[in-house]
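The block underneath contains the structure these notes are about, expressed in structure tokens.
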Amino acid sequence: MKIARGRELLTPEQRQALMQIPEDEWVLGTYYTFSKRDLEIINKRRREENRLGFAVQLAVLRYPGWSYTHIKSIPDSVIHYISKQIGATPSLLSLYPQRENTLWDHLKEIRSEYDFVTFTLKEYRMVFKHLHQSALENGDAVHLLHECIDFLRKNKIILSAITTLERMMWEARAMAEKKLFNTVSESLTNDQKEKFDGVGKTGSDGTKLTEEDCATKQSIDIPPKGTEISVRNLEKNIVGTVYKYTVGTLPDAIVDIMPNKMSFYYKTPIGTYPYPYGSFNGRYYHTR
């Protein structure tokens, strides 16, 4: 199986749900009700459609946190709620995107007036550091993505494309996994490592095997040696990273994973999963 975007862990439906604007009263009251200062800034626009567009831009930056151009759909009830506050006709919003310069000028002004920050390399590193620490405590993909989005909102950082956030979360979790495995491995003797994970054994080409080596089933898929593969335990929604070493010989396994790494998928100490016949229902992805 080949999927070009192997580090994107959500389905299109899950992404849509994250970016969807709720219509409940709490969200309207908390994020979409304008203060006196807000109205003064909004009403600086001369054209009615520009006042409405500016107000909607401000609202969606507050929640869900993406810029107006990233939001695919805004409920009519939300547009009507915003329009009523500024005395605008809801249908005029359709005229707003016709001038791209106006759109970007408004975004620039909102950033200046409300201290929103663009997502740059500096912000990427800050969020990555936070995610890495969170992943050491909970490696669940959906939990980490919510943690990432909450952190960005709290710090008034305009959210990047959701696929970028997914890849950042994936990389932070992979680094956390490696740190956890290294920490545990340091406490084991060489005999214990060989017993539980095969680390240190010699492969067919004479190199030493590592905990993240795996084998793919020859009749299904033969990616090049060293290919990075993302494997998901569908039952526990746990995703980890392994690397193709050879082709497997187990008749029922599409990917043969080291026992050490299998412990990660069971969230148990090394060697205590259902050894030696541990297995789970899963999927794997790679970019080759």
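The values are calculated or read from the model by the stated rules, or taken from the named source; none is laboratory data. These numbers were taken from a predicted model, which means no experiment stands behind them. When we count neighbours, we look across all protein chains shown, and the Cβ atoms used for this are built from the backbone with ideal geometry, even at glycine.
Observations on the structure shown:
- Where Ser67 falls short, out of the listed (1) modelled with pLDDT of 95 or more; (2) buried (at least 18 other Cβ atoms within 10 Å of the Cβ): (1)
- Of all the criteria given as (1) outside any helix (DSSP H, G or I); (2) touching a strand residue (DSSP E or B) at 6+ places or on another chain (Cβ under 9 Å), the one not satisfied by Glu177 is (1).
- Against the conditions (1) over 21 Å from Glu23 (Cβ atoms); (2) modelled with pLDDT of 95 or more; (3) not hydrophobic (A, V, I, L, M, F, W, C), Arg47 satisfies every one except (2).
- Residue count, the range 112-125 (criterion: assigned to a helix (DSSP H, G or I) and surrounded by 14 or more Cβ atoms within 10 Å (Cβ to Cβ)): 3
- All of (1) farther than 26 Å from Glu147 by Cβ; (2) of a type in the set (Gly, Ala, Ser); (3) buried (at least 17 other Cβ atoms within 10 Å of the Cβ) hold for Ser35 with one exception: (3).
- Within the range 126-146, restricting attention to residues that are at pLDDT 90 or above, crowded, with 17+ Cβ neighbours inside 10 Å and aliphatic (A, V, I, L, M), the residue that is farthest from Tyr265 (Cα to Cα) is Val127.
- Against the test of being buried (at least 16 other Cβ atoms within 10 Å of the Cβ), more than 30 Å from Glu171 (Cβ to Cβ) and touching a Gly at 6+ places or on another chain (Cβ under 7 Å), the options Leu93, Leu28 yield a single qualifying residue, Leu93.
- Pairing residues of the range 217-234 that are assigned to a loop (DSSP other than H, G, I, E, B) and buried (at least 17 other Cβ atoms within 10 Å of the Cβ) with residues that are of a type in the set (Phe, Trp, Tyr) and at pLDDT 80 or above, at Cβ distances under 7 Å and at least 6 apart in sequence or on separate chains, gives Thr227/Tyr243.
- Among (1) free of Cβ contacts under 8 Å to residues at least 24 places away in the same chain; (2) touching a helix residue (DSSP H, G or I) at 6+ places or on another chain (Cβ under 9 Å); (3) within 27 Å of Thr164 (Cα to Cα); (4) not polar (S, T, N, Q), the one test that Lys44 misses: (3)
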